[in-house]
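Below: the structure, in structure tokens.
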């Protein structure tokens, strides 16, 4: 058995504020990591710190970029224990996406469709929580019925996974001290 981690955040970006206004959810962004130190977080989001676009498959870091720029950013870290086989599948899928990162795009249309409850599964287009939930399902880490369709999954839905245990909640500065 191995542990994987889901980091949920709420930044001060305009996009995060817009999502919050619509959903009133505590967190507006989701990332996944294969290790507790969060040395590498994977998600779909902005490629550059100061511009919302272009966006796509990204590596995130709690010490740099949007996360590194804010000590007060609210965040929560969840741990899910998964089988070795699911872990290998998840790691292999992430490696494949890294090697083919230019083939993947941010699912811009998926955000409003998700808000209206309209599923929009596309093979190479994802938004953050769609990516995380899809990776968990495809790797076998969670049962398909544990979440809505990936394109309908909000970051806050990931908090409610049956096997997800919260290991941290606070600010990004506090997380950096404890990570």
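Quick notes
- Sorted largest first, extent of region 106-179 alpha carbons per principal axis (Å): 38, 25, 21
- Förster-model FRET efficiency, 35 Å R0, residue 123 and residue 14, C-beta, rounded to 0.05: 0.75
- Stretching the chain fully between residue 173 and residue 108 yields a gain of 20.4 nm (0.36 nm per residue, less the alpha carbon separation).
- Relative compactness, region 19-88, computed as alpha-carbon Rg over 2.2 N^0.38 Å: 1.23
- Using only the C-alpha atoms, the convex hull of region 47-119 corresponds to 163 Å³ per residue.
- Residues 167, 58, arranged from fewest to most other Cβ atoms within 10 angstrom of their Cβ, appear as 167, 58.
- DSSP beta bridge pairing in the chain, given as percent antiparallel to the nearest 5: 95
- Sorted peptide list for 2-10, 146-154, criterion being average Cβ within 10 angstrom, highest first: 2-10, 146-154
- Relative contact order %, the chain, counting alpha carbon pairs below 8 Å whose residues are six or more apart: 27
- Spatial extent of region 1-138: Rg and Dmax, with the Cα atoms as the point set, Å: 14.5, 39
- Subtracting the Cα-Cα distance of residue 81 and residue 148 from their residue separation scaled by 0.36 nm leaves 22.1 nm.
- Taken as Cα centroids, region 15-50 and region 93-161 sit 13 Å apart, rounded to the nearest whole angstrom.
Values in this text are rule-based calculations from the coordinates and carry no lab data. Since the model is a prediction, treat every value here as computed from it, not as a measurement. Quick reminder, even Gly has a Cβ in these numbers, built from the backbone with ideal geometry, and neighbours come from all protein chains shown.
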